[in-house]
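To start, the structure under review is shown below, and the notes come after it.
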Amino acid sequence: MHEMAVTEDILRIVTEHAERAGKAHITDIHLVIGDLASFVDDSIQFYFDMLSPGTLAEAATLHFHRIRTRFRCRKCGCEFEPEGYNWLCPQCHALGGDVIAGKEFYVESIEVKEG
Ligand SMILES: [Zn+2]
């Protein structure tokens, strides 16, 4: 379950920020996750609920912003969003290509409450 490790990372990052902001309490955490990053929202939520009590992020709301996978075809340069596991270029029907979006995983922003 790699979600547990990434949830610990998220928690460490956001509480460090909150501490620098004068131990403000975190109310909302915005996460960006690419479809290819293969993290399951529910698992991250599960570990967050388990790990966050007692931290500055306790009871914060997680917001998941999904980024769709995008490929650039190596043959014709066309950029496309694959439908499910159909990774054929819609123009020349070459398979796959270079991933230009979809592997993202980061904390986009946090919202805090003073004092
Ligand atoms: Zn193509």
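Here HIS30 fulfils each of the conditions (1) touching a Gly at 6+ places or on another chain (Cβ under 8 Å); (2) within 30 Å of GLU114 (Cα to Cα) apart from (1).
To keep it simple, each residue is scored yes or no on (1) among the charged types (D, E, K, R); (2) under 30 Å from THR15 (Cα atoms).
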| site | (1), (2) |
| --- | --- |
| CYS76 | no, no |
| GLU81 | yes, no |
| PRO90 | no, no |
| HIS93 | no, no |
| GLY96 | no, no |
| ILE100 | no, no |
| LYS103 | yes, yes |
| ILE110 | no, yes |
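Of all residue pairs spaced 6 or more apart or on separate chains, those with beta-carbon atoms under 8 Å, a first member in the range 43-56 that is farther than 18 Å from HIS17 by Cβ and open to solvent by 50 Å² or more (accessible area, probe 1.4 Å) and a second member that is charged (D, E, K, R) and not in a loop (DSSP other than H, G, I, E, B) are PHE46/GLU3. Scanning the range 1-23 for residues that are small (Gly, Ala, Ser) and either closer than 12 Å to THR55 by Cβ or assigned to a helix (DSSP H, G or I) (or both) yields a count of 2.
Please specify each residue of the range 11-43 satisfying the condition of being touching a strand residue (DSSP E or B) at 6+ places or on another chain (Cβ under 7 Å) and within 30 Å of GLU83 (Cβ to Cβ).
HIS30, LEU31, VAL32, ILE33, GLY34, ASP35, LEU36, ALA37, PHE39, ASP41
Can you tell me which residue is least open to solvent (accessible area, probe 1.4 Å) among those in the range 73-115 that are of a type in the set (Asp, Glu) and within 30 Å of ILE26 (Cα to Cα)? Explain how you work it out, then say what you get.
Residues of the range 73-115 that are of a type in the set (Asp, Glu), as a first pass: 79, 81, 83, 98, 104, 108, 111, 114.
With within 30 Å of ILE26 (Cα to Cα) added as a condition, the list becomes 104, 108, 111, 114.
On the way: GLU104: 46, GLU108: 102, GLU111: 85, GLU114: 148 Å².
Here the answer is GLU104.
All of (1) open to solvent by 80 Å² or more (accessible area, probe 1.4 Å); (2) modelled with pLDDT under 95 hold for PHE39 with one exception: (1). Among the residues of the range 44-82, just one is polar (S, T, N, Q), farther than 16 Å from VAL107 by Cα and either part of a helix (DSSP H, G or I) or within 16 Å of the ligand (Cβ to nearest atom) (or both), namely THR69.
Residues in the range 2-46 that are of a type in the set (Gly, Ala, Ser) and in contact with a helix residue (DSSP H, G or I) (Cβ under 6 Å, 6 or more places away or on another chain): ALA24, SER43.
Considering the range 83-105, and only residues there that are part of a loop (DSSP other than H, G, I, E, B) and charged (D, E, K, R), the residue that is nearest to the ligand (Cβ to nearest atom) turns out to be LYS103.
The values are calculated or read from the model by the stated rules, or taken from the named source; none is laboratory data. What you are looking at is a predicted structure, and each value in this text was computed from that prediction instead of being measured. Quick reminder, even Gly has a Cβ in these numbers, built from the backbone with ideal geometry, and neighbours come from all protein chains shown. Protein only, heavy atoms only, side chains kept; ligands, DNA and RNA dropped before computing areas. Shrake-Rupley method; radii C 1.70, N 1.55, O 1.52, S 1.80 Å.
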